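Take a look at the structure below.
The values are calculated or read from the model by the stated rules, or taken from the named source; none is laboratory data. What you see is a predicted model; the values in this text were computed from it and never measured. Here Cβ is always computed from backbone atoms with ideal geometry, including for glycine, and neighbour counts include all displayed protein chains.
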Amino acid sequence: MLTCEICGEELVLEEDMKTHLLLSHLENDMGCPLCSLSRVSYDELHFHINTAHKDHDGAEGRGGHSLVRPSSRPTPTTTTTIVDSHCKQAIGLSRSEGSEGGVANGNRFDTIGGGVSLRTSNSTLVSKELMTVTPTPPGYTAFSGGESSGGRAVAIVGPTSSVSTGFLRSAQDSSRPTSRHCHAEESLGVGSAEHTKVKQKRFSSPLKEKQFPCPMCALVCTDAFILQEHVELHLLEESTAEEAVLGATSSTEAASPSSSNSSGGKSYECPMCSVVCGDCYSLQEHVEVHLDYGTATSAVSPGSDLRLARGLQEEEKERRKEQEAKREAEEFKKLQRQFGVDGRGGYRRQMERTMEKAVSRGVMVPADFHNKRAEMMEALASGVDDGKTRTQGVLGALYVYYQREARDCVHVWLSAETDHYCSSEGDKGWGCGYRNFQMLLSSLQRMEPYTTCLSEGSVPSIPQVQVLIEGAWREGLDPQGATHFNQRLQGTRAWIGATEIYALCTSLRVSARVLDFHQPTGPGDTHPRIFDWVKQYFSQTATRGARLPPRVVQTTQPPLYLQHQGHSRSIVGVEQKKNGSLCLLLLDPGCSPGDVRKLLSQDGSTVTTAVRRMRKFPGNLKHRQYQVVAVEGVLSPEEKRTRILNSRTLQAERIP
């Protein structure tokens, strides 16, 4: 008969007893007799004992000592473990008094169904299951350690004749009783309660069929959890030994920090002070104290946030300054490239590159390249323009055209005879200012007052004009402009404007004025004041001594230099329509010689088309600012010196 240990009911079969326990008593109210695990189901308790206490009975049967069996021959050794006895004992499945069998250390063994059954000291019959652990490789020794927190480690070590008993025994094994009940009571102590809960949670995962070597010795485990228990034993023993050593030597080492521990191990120096610790755990606790103190100090410091904010503000200010300086440097490089002062070469280099590209495209044969290059070098050496971009007789053709056509004009005033110079391959994109000066100079060379200071018939080339401007700077004219160009124009593609034309004219003893129309004076951002001033400039000599001026007048006034942002042109005349509106006539260096030479055509429609391109009404001049350079005579040496002195603070005449 089987008696239920909970209620005392007697049953005949084990199956009936199990059914009784499941139906009459709470299924999840079971507890492990070896640890504090409770309120679990039968399957959970079965799995827990198989993992956490799978070799407990075998260890107790051997008195809790490690069993070492030297391997005498290279044959695998199989270790069997009783894994189900505690589970069935926990639920009180069977109880039999006076059972007989083999006894080992107070426990009896019976043979049931060809297996081994364990009878405990209280004569409770329990069944068993066999579990095979990894076979021992040839030449290796398998041994099992004592219980560690309710579990047993099975290990494989290298070839040896003997292994010291208790290799895996914890510090408490020496005083641990062999009785299972005493061991259960000790494992349920207050000091290990938290540790047991953590292990219960850790043991809830299934086993992995792998081998896990110990990182601190030669032990190899088949279970990751067993390996973790084994490593914890290592750390516990090491910590206990270090505490004992530190306690014994604390009195002798209190005077000065030690550089190494008494056992000859490695010492650890604090990175924040001069303290030397004997192990890494003490060093970690010491450094944490440093960090906690620093956090507390910064928390109570009233000015720490203010200092941090100021530091961040200074860093942000420095970063913005660096970004601004970088942006300004990039913009300055762009301006240098735009105005031709980036060192990429001047007129000669640009002409050579253009011809080289023509040869590479097959437009020019190498023989022509060498011939043109030789001609260019000869012209540059002479300093005189080669005249390939010049068109003569433009003003005469305009005078004839207005005499014959343009009946809608009441008056037309034209400048003195002027040749047109257009940009060539060597100065395309940046030579408009030089070309306009060549137009002005071609007109001045034909006038009597200016022949005394200008060489007749020789218009300088663009590189020679650059040389003349540099000479004017050396005389003291426009020092601000000289600084802007770094005292150098030769070999560059630098743009020039109204102030450079003024300095060059003054250097040649030609009297000039710079007028600045700095803002629009009409509706739609137009500049009607420019048209009025140009009309007055050309008509002031034509109306002298005449009652009624003719409809078309070619005056003796030289052309006007007109500058705006990015380009410059020459004003060679002005029209006055019947409705009173004014129209300027401009010669543009950007026009090709073919377009300008259409003015010389005998075909009236062709000339009309060319004149239409020259006309600019108030609605066509909408730049924000315009500057005009007007020539008014010849300077004496004294007047020239005066203007040189005044040019140190060169100022234009602002209109309005």
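Descriptive notes on the structure:
- Any chance Ser605 is touching an Asp or Glu at 6+ places or on another chain (Cβ under 6 Å), part of a helix (DSSP H, G or I) and either within 30 Å of Leu477 (Cα to Cα) or of a type in the set (Ser, Thr, Tyr) (or both): no
- Going through (1) within 27 Å of Leu395 (Cα to Cα); (2) touching a Gly at 6+ places or on another chain (Cβ under 6 Å) one by one, Arg493 falls short only on (1).
- Top-ranked residue in region 444-453 [being among the hydrophobic types (A, V, I, L, M, F, W, C) and modelled with pLDDT of 90 or more; ranked as nearest to Cys432 (Cα to Cα)]: Leu444
Matching residues to (1) at pLDDT 80 or above; (2) outside the structural domain of Thr51 (by TED's automatic domain parsing); (3) part of a loop (DSSP other than H, G, I, E, B); (4) in contact with a Cys (Cβ under 8 Å, 6 or more places away or on another chain):
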position	(1), (2), (3), (4)
Glu186	no, no, no, no
Gly189	no, no, yes, no
Glu194	no, no, no, no
Gln200	no, no, no, yes
Pro206	no, no, yes, no
Pro215	yes, no, yes, no
Gln228	yes, no, no, no
Val231	yes, no, no, yes
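- Residue match in region 295-305 (condition: of a type in the set (Ser, Thr, Tyr), in contact (Cβ under 8 Å) with a residue 12 or more places away in the chain and in contact with a Ser or Thr (Cβ under 6 Å, 6 or more places away or on another chain)): no
- Residues that are under 18 Å from Thr391 (Cα atoms) and assigned by TED's automatic domain parsing to the domain that holds Pro528 are absent from region 622-642 altogether.
- Filtering region 611-656 to residues that are of a type in the set (Val, Ile, Thr) and either surrounded by 14 or more Cβ atoms within 10 Å (Cβ to Cβ) or under 15 Å from Cys453 (Cβ atoms) (or both) leaves Val611, Val628, Val629, Val631, Val634, Ile644, Ile655.
- Test result for Pro550, at pLDDT 95 or above and assigned to a loop (DSSP other than H, G, I, E, B): no
- A single entry from Ser455, Ser442, Ser415 fulfils the requirement of being in the same structural domain as Ala630 (by TED's automatic domain parsing), in contact with a Ser or Thr (Cβ under 7 Å, 6 or more places away or on another chain) and free of Cβ contacts under 8 Å to residues at least 60 places away in the same chain: Ser442.
- Among the helices (runs of 4 or more DSSP H) confined to region 271-382, the ones with at least 1 residues that are of a type in the set (Asp, Glu) and modelled with pLDDT of 90 or more are located at 304-338, 347-361, 366-382.
- Yes/no for Glu456 being at pLDDT below 95, surrounded by fewer than 24 Cβ atoms within 10 Å (Cβ to Cβ) and among the charged types (D, E, K, R): yes
- Selection count, region 620-656, where residues are out of contact with any His (no Cβ under 7 Å at 6 or more places or on another chain) and part of a loop (DSSP other than H, G, I, E, B): 9
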